[in-house]
Amino acid sequence: MPITPDEIREALNDYLDVHPDEKWRLAPIPELLDADADIASRKEFHGHVTAGAILADPAGRILHIHHRALNRWLLPGGHLEPEDRSLLAAAQRELTEETGIVASVVIPAGHRPLHIDAHHIPANPTKHEPDHRHFDFRYLFRTSADVIELQTEEVTAAAWRHADTIENETLRNRVLDALR
């Protein structure tokens, strides 16, 4: 059963209960939900939800992947699929798809997003996609496994990096706090 607007709103509200200072930054999400936009669909170009995985190893390093289309190092993640039963499950599915690390060796660190990022995605003429926004619900996972097989259509490399190298200051601080 696809992820519903109510599930997205509930995950957002759970997050904002802990991080109320971010309400202004994430205001477009409830606005789109109130306008009945299908933000679980990648075809909603006013903005749509994606799911991301913050994968930590026992040494406190975080897995990064090099994204082919954006030519940047990012955390694993991507678009929601109709078969995803939750945002957490979508993040775990994307992690497995992009790295080959199976769900059975990955442990979620909680059911609330550790971070929700809102960022711009440039237009992609080859996919007939205009520029739009992603609202990335990021969940923390732990594992002692290593990358098995990269999804080479989207990912060109993977690297474990120390958590203190995460570019986004808010995310970096939350990950460092969670790993203590």
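Please list 3J(HN,Hα) in residue order for the range 44-58, calculated via the Karplus relation 6.51 cos²θ - 1.76 cosθ + 1.60 where θ = phi - 60°; whole Hz, with x for glycine and proline.
For the range 44-58, the Karplus curve yields 8, 8, 6, x, 8, 7, 10, 10, x, 10, 9, 9, 10, 9, x Hz.
Can you run the Rg to Rh ratio on the range 28-106? Use alpha carbon positions and the Kirkwood inverse-distance Rh.
Values: Rg = 14.1 Å, Rh = 13.8 Å.
Ratio of gyration radius to Kirkwood radius for the range 28-106: 1.02.
Taking every DSSP beta bridge that has both residues in the chain, what percent is antiparallel when rounded to the nearest 5? Don't jump to the answer; show the numbers that get you there.
On the way: 24 of 33 bridges.
Of those bridges, close to 75 percent are antiparallel.
Per-residue ellipticity at 222 nm for the chain, helices alone: DSSP H runs ≥ 4 residues times -39500 (n - 2.57), over residue total, nearest 500 deg cm²/dmol? Present the calculation step by step, with values, prior to reporting the outcome.
On the way: 4 runs with 45 residues, N = 180.
Value at 222 nm, helices only, nearest 500: -7500 deg cm²/dmol.
For the range 10-66, state what percent of all Cα-Cα pairs lands in each successive 10 Å bin, counting from 0 Å until the bin that includes the largest distance.
With a bin width of 10 Å, the distribution comes to 19, 37, 32, 12, 1.
Considering every pair of different Cα atoms, what Kirkwood radius, in Å, is found for the range 101-144? Write down the numbers at each step before the final one.
On the way: mean 1/r = 0.0783 Å⁻¹.
Computed over Cα pairs of the range 101-144, the Kirkwood hydrodynamic radius comes out at 12.8 Å.
Could you run the Karplus curve 6.51 cos²θ - 1.76 cosθ + 1.60 with θ = phi - 60° over the range 139-155 and give me ³J(HN,Hα) per residue in whole Hz, x for Gly and Pro?
10, 8, 10, 10, 7, 10, 7, 10, 4, 9, 8, 6, 7, 5, 5, 10, 10
Using a 1.4 angstrom probe on the protein heavy atoms only, could you order TRP160, TRP73, TRP24 from most to least accessible area? Provide the component values of the computation, followed by the final result.
On the way: TRP160 50, TRP73 85, TRP24 185 Å².
In descending accessible area the options line up as TRP24, TRP73, TRP160.
Order GLU169, GLU44, most accessible first, counting only protein heavy atoms with a 1.4 angstrom probe.
Accessible-area ranking of GLU169, GLU44, largest first: GLU169, GLU44.
How much net charge surrounds LEU140 when only the other residues with a Cβ under 11 Å from the Cβ of LEU140 are counted, with Lys and Arg +1 and Asp and Glu -1?
Working: positive: ARG112, ARG138, ARG142, ARG174; negative: ASP177.
My count for the surroundings of LEU140 gives +3.
Could you derive backbone 3J(HN,Hα) for the range 163-180 from the dihedral phi with the Karplus parameters 6.51, -1.76 and 1.60 (θ = phi - 60°), listing whole Hz in sequence and x where the residue is Gly or Pro?
Computed from phi, the couplings for the range 163-180 are 4, 6, 9, 4, 5, 5, 4, 4, 4, 4, 5, 5, 5, 4, 4, 5, 8, 6 Hz.
What translational diffusion coefficient, in µm²/s and rounded to a whole number, does the Stokes-Einstein relation yield for the chain at 25 °C and a viscosity of 0.890 mPa s, taking the hydrodynamic radius as the Kirkwood radius over Cα pairs? Could you put the intermediate results ahead of the total?
Numbers: Rh = 16.5 Å.
For these conditions, the coefficient is 149 µm²/s.
The values are calculated or read from the model by the stated rules, or taken from the named source; none is laboratory data. From a predicted model like this one, the values you see are computed outputs, not experimental measurements. Heads up, the Cβs are rebuilt from the backbone with ideal geometry, glycines too, and the neighbour counts pull from every protein chain shown. Calculation scope for accessible area: heavy atoms of the full protein, side chains included, ligands and nucleic acids excluded. Shrake-Rupley method; radii C 1.70, N 1.55, O 1.52, S 1.80 Å.
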